[in-house]
4 protein chains.
Amino acid sequence: MNGCSRQNPAYRPTLSFLQSAKCFPMTLKTDEFYSKADELIAAGRFIDSKGWVPATSGNFSAQLSDGNIAITVSGRHKGHLEPDDIMLIDSQGCSLDGQKPSAETLLHTSLYQRYPQIQAVLHPHSINATLIARLFKDNIVLENYELLKALNGINTHETRISIPIFANDQNIARLATVVEDYLDQQGDIHAYVIAGHGFYTWGNSVNDALRHLEALEFLFDCEIRLHGVKPA
Amino acid sequence: MNGCSRQNPAYRPTLSFLQSAKCFPMTLKTDEFYSKADELIAAGRFIDSKGWVPATSGNFSAQLSDGNIAITVSGRHKGHLEPDDIMLIDSQGCSLDGQKPSAETLLHTSLYQRYPQIQAVLHPHSINATLIARLFKDNIVLENYELLKALNGINTHETRISIPIFANDQNIARLATVVEDYLDQQGDIHAYVIAGHGFYTWGNSVNDALRHLEALEFLFDCEIRLHGVKPA
Amino acid sequence: MNGCSRQNPAYRPTLSFLQSAKCFPMTLKTDEFYSKADELIAAGRFIDSKGWVPATSGNFSAQLSDGNIAITVSGRHKGHLEPDDIMLIDSQGCSLDGQKPSAETLLHTSLYQRYPQIQAVLHPHSINATLIARLFKDNIVLENYELLKALNGINTHETRISIPIFANDQNIARLATVVEDYLDQQGDIHAYVIAGHGFYTWGNSVNDALRHLEALEFLFDCEIRLHGVKPA
Amino acid sequence: MNGCSRQNPAYRPTLSFLQSAKCFPMTLKTDEFYSKADELIAAGRFIDSKGWVPATSGNFSAQLSDGNIAITVSGRHKGHLEPDDIMLIDSQGCSLDGQKPSAETLLHTSLYQRYPQIQAVLHPHSINATLIARLFKDNIVLENYELLKALNGINTHETRISIPIFANDQNIARLATVVEDYLDQQGDIHAYVIAGHGFYTWGNSVNDALRHLEALEFLFDCEIRLHGVKPA
């Protein structure tokens, strides 16, 4: 289902493949691409101002109307992005401009494939997201917070949601499969945490995803202050 | 007493009513409106820089000399307000420009009706305000802080004030009644907390209300650090 | 010794006296005054960016070469000072421009009188300074920190200094006497804390005092994190 | 091996020597010098915005292609550096422009001499770095953090690294020897902590060292939150 299908339909792109992939001649970047890039750049500045993407961690993407995806180039600091730090990939994760996308590109493309309404995916890498997996084992239950209403589809604090926590894995294809299996079995979620790493959230626009991100950082912070953190 | 009286004097405006209400032909926005809007925009930038209105939470208002009220439009991020994000309502909470005011408009209008000297109401939604209701049950007692003198009418740290905590409620008319009943019975207060949600404070100008807000965030922070927080 | 001597040499200025005092015809503000005012404005912006002067708390001063003093006007927010928010007083604390100086002016003037080399006095009002008096009773002992070297006259971390804590008092003349008595008996100090209120520090220039302030905020923060805070 | 060899090859420069040293006629500052200085100035603004170089603490350097070194002048605030606050020294730590380098210059030059690929050394002085030596005695073990991948040569969170902690010492030559002995015996490290003082880290460019610094601040913060801090 995933994979750079025009070249090798049988395989999902692996990290080493993505690093070398120049699938076909460069695709022209459109005004829409640069507009989305500007939104990701501004989101990065905000997220970095809070300390949630330290030391080139994190990655962001936004989908274009033709199904291609604007995504942060690997290894750039997300608080000081320039238009050249945003690259173009197709819906399978193939580079369309010769640059190397984030190692975690598959986690983005598999979300866009599953949820057609999603237009943006944001992955921060904050201290709260790193620590919360030490406090809770498999999932974080959030309830009775007014700020839950910042998540799409929630209109009262009298709501109980669960954010799953997945073990960290440098094999991104394997991690993407774990996420997809969870979604197949447990249904839709607002975000997921990767232990010791960060979380993924998404929305119908960059601003929508950013509101989710800001609300979840707030709620994780509340939970950590309420329950404390302890060594694993 | 509250309610969009020109249309239906018997009812306080409900959330669904407020959402659809276009009470009468659009009212012209005056220079005074835009001046107050600028004050609310600047207050929002400051409050957001502290992390006290995450993810479009919170709402702000300022009263005009004709009794109408400039108030934040529902769903906008309070750290990046533009003049178009501030709308005009009458003293009953009726939209005068066709935009949808905050769901919590009634909490603003009932304060202006009770206290004629009030010119601004601010509602932040901070982590401290969210957590403090886990630490104290019905009210927060603040005493022996020099910063109490930042609240109107207090001129010594040797003062003891009480900030009530109300249960959160999506039925804003019911919540407004709870607040009014408390004020009828207990007398005047400087602010009130809504559990898991945030707090309301007010003043004789936007700057006055902002000084109250900043002082209360400081004092809540002190109390949380002194007493710790525990799960409910 | 203190007091508005040209009018009533027998009395130190009281708060109510200072509020009404227009000792003599307005004194012209010099280029030196405006230069010092600019330094205090910049210091205020920095101190506020750290959250150390919330809600119009705190006050700052700098001495001019003629012995007069530039000091913040009472009730202004120290993070957004304009030149008009800095006023001129004489060495006794008398207003030279008809504006009302801070209630705590005497704490500034008595330091300038005792220590001729002092050119600036800064009084922040931070959470750390407010809480540290709950942790330690009479004084805070700081030792074995490299950052002690930021204080004038200290050149090794192997130094042990003591910062006294005084009870808060709205009677500033009485509080100033307590400070002076301590200095008479205990000798020179780098700063003093007023419980539940903040601290005073000073230096041979505004930058010197600001370095002391920043270092002490850091050291108080370290001490609070190491020892915790508990309710009084 | 260290020392201002053209003058006195037998001695490593002592602090008092460095303060007076004008080894030979002033060396012209090149475009490369000013370019590196700009990088250090920008790094300082970022590091200070996080509160990691309070009150003129910390120092930074970058090596030029001729082996000379651009380094911060002693006693300047690292958040507000100007080009004049960056000076030129040779590879032995000798001043080439008559200004006084940081007392800790030897810790920089000995790193450049040991590791030819290093182009920048950064020394922040944060609360986390100050406190972490109270929590761990001889070294800090970091493992199972995705952000370890921000350190050169690490490509999985399943890595265990050790950051040594050295006792603080005002005798910088002696401290430099302690560091060199450790490196001789224990092999290469990514950073070292000086107890009650701060840490040193380095990289193949200013940006590389800054990424290390930001990642280590994050990881120290995580460790302190997980394990708590206690008085020594």
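The values are calculated or read from the model by the stated rules, or taken from the named source; none is laboratory data. Computed from a predicted model, the values in this text were never measured in an experiment. Positions of Cβ are generated from backbone atoms using ideal geometry, with glycine treated the same way; all protein chains shown enter the neighbour counts. Note: areas computed on protein heavy atoms with side chains; ligands, DNA, RNA excluded. Shrake-Rupley method; radii C 1.70, N 1.55, O 1.52, S 1.80 Å.
Per 5 Å bin, what is the whole-percent P(r) computed from every C-alpha pair distance within chain A?
Each 5 Å bin holds this share of Cα pairs: 1, 7, 15, 19, 20, 17, 11, 6, 3, 1, 0.
Calculate, in whole percent, how much of the Cα-Cα pair population of the protein assembly as shown lies beyond 55 Å. Don't skip to the end; give the middle numbers.
On the way: 71872 of 430128 pairs.
Distances greater than 55 Å cover 17 percent of the Cα pairs.
Give me a single rounded figure for D:166-172: the average over its residues of other chain Cβ atoms within 10 Å of their Cβ.
2
With a point put 7 Å past each Cα toward its Cβ, work out how far B:Ser205 is from D:Asn152 in nm, to one decimal.
5.7
So for the stretch D:120-163, considering every pair of alpha-carbon atoms, how many percent are separated by more than 11 Å?
71
The stretch D:50-69: which residues show an accessible-area loss of 30 Å² or more, assembly versus chain alone, 1.4 Å probe?
D:Lys50, D:Pro54, D:Ala55
Give, rounded to the nearest 20 debye, the magnitude of the charge dipole that chain D has about its Cα centre when Lys and Arg contribute +1 at Cβ and Asp and Glu contribute -1 at Cβ. List each step's numbers first, then the result.
Details: 19 positive and 26 negative charges, 111 e Å.
Taking the Cα centre of chain D as origin, the dipole is about 540 debye.
Between A:Glu32 and C:Asp184, what is the FRET efficiency for a Förster distance of 60 Å, r being their Cβ-Cβ separation, to the nearest 0.05?
0.20
Tell me the Rg and the Dmax, in Å, that the Cα atoms of the stretch B:167-232 produce.
13.6, 37
Can you give me the Rg/Rh ratio for the stretch C:136-203, using Cα atoms for both radii and the Kirkwood formula for Rh?
0.99
Using only helices, what value at 222 nm comes out for chain C when you add -39,500 (n - 2.57) per DSSP H run of length 4 or more and divide by the total residues, to the nearest 500 deg cm²/dmol?
Result for chain C, helices only: -11000 deg cm²/dmol.
Viscosity 0.692 mPa s, temperature 37 °C: Stokes-Einstein D of the stretch C:69-186 from its Kirkwood Cα radius, in µm² per second?
200
Please compute P(r) over all alpha-carbon pairs of the stretch B:30-136, binned at 10 Å starting from zero, and give each bin as a whole-number percent.
16, 48, 30, 6, 0
State, in square angstrom and to the nearest 100, the accessible area buried between chains B and C, both chains counted, probe radius 1.4 Å.
The summed interface area works out to 1800 Å².
What does the structure give for B:84-92 when I average, per residue, the other chain Cβ atoms found within 10 Å of the residue Cβ?
0
Would you work out what percent of the accessible area of the protein assembly as shown, with all protein chains in place, is carbon or sulfur (probe 1.4 Å)?
About 47 percent, which is the carbon plus sulfur part of the accessible surface.
Could you rank the peptides D:72-84, A:208-220 by their average count of other C-beta atoms within 10 Å per residue, with the highest value first?
Descending packing order for the listed peptides: A:208-220, D:72-84.
So which GluC sites (Glu not before Pro) in the stretch B:124-205 are both in a DSSP loop and have at most 14 other Cβ atoms within 10 Å of their Cβ?
Details: sites: B:Glu143, B:Glu146, B:Glu158, B:Glu180; in loops: B:Glu158.
Taking the stretch B:124-205 and a limit of 14 other Cβ atoms within 10 Å, the loop GluC sites (Glu not before Pro) found are B:Glu158.
Could you work out the pair-distance distribution P(r) of the stretch B:78-118 from its alpha-carbon pairs, with 10 angstrom bin width and percents rounded to whole numbers?
27, 49, 24, 0
Across peptide C:138-148, what mean number of C-beta atoms from other chains lies inside 10 Å of a residue's C-beta?
Going residue by residue through C:138-148 and averaging, the value is 3.
Hey, what's the stretch A:128-204 come to in accessible area per residue, 1.4 Å probe, Å²? The partial results should precede the final answer.
On the way: 3060 Å² over 77 residues.
On a per-residue basis, the stretch A:128-204 sits at 40 Å².
In the stretch C:105-197, which trypsin sites (Lys or Arg not before Pro) fall in coil by DSSP and have 10 or fewer other Cβ atoms within 10 Å?
On the way: sites: C:Arg114, C:Arg134, C:Lys137, C:Lys149, C:Arg160, C:Arg174; in loops: C:Lys137.
Filter output for the stretch C:105-197: C:Lys137.
State which entries of A:Lys78/B:Lys78; B:Lys36/B:Lys137; B:Lys78/D:Lys36; C:Lys50/C:Lys149; A:Lys78/A:Lys137; C:Lys36/D:Lys78 exceed 31 angstrom in Cα-Cα distance in the structure shown.
As for pairs spanning more than 31 Å Cα to Cα, those are B:Lys36/B:Lys137; B:Lys78/D:Lys36.
Relative to the Cα centre, what is the charge dipole magnitude of the protein assembly as shown, using +1 at the beta carbon of each Lys and Arg, -1 at the beta carbon of each Asp and Glu, and rounding to the nearest 20 debye?
For this selection, approximately 1100 debye.
If you wrap a convex hull around the C-alpha atoms of the stretch C:56-110 and split its volume per residue, what is the figure in Å³?
71
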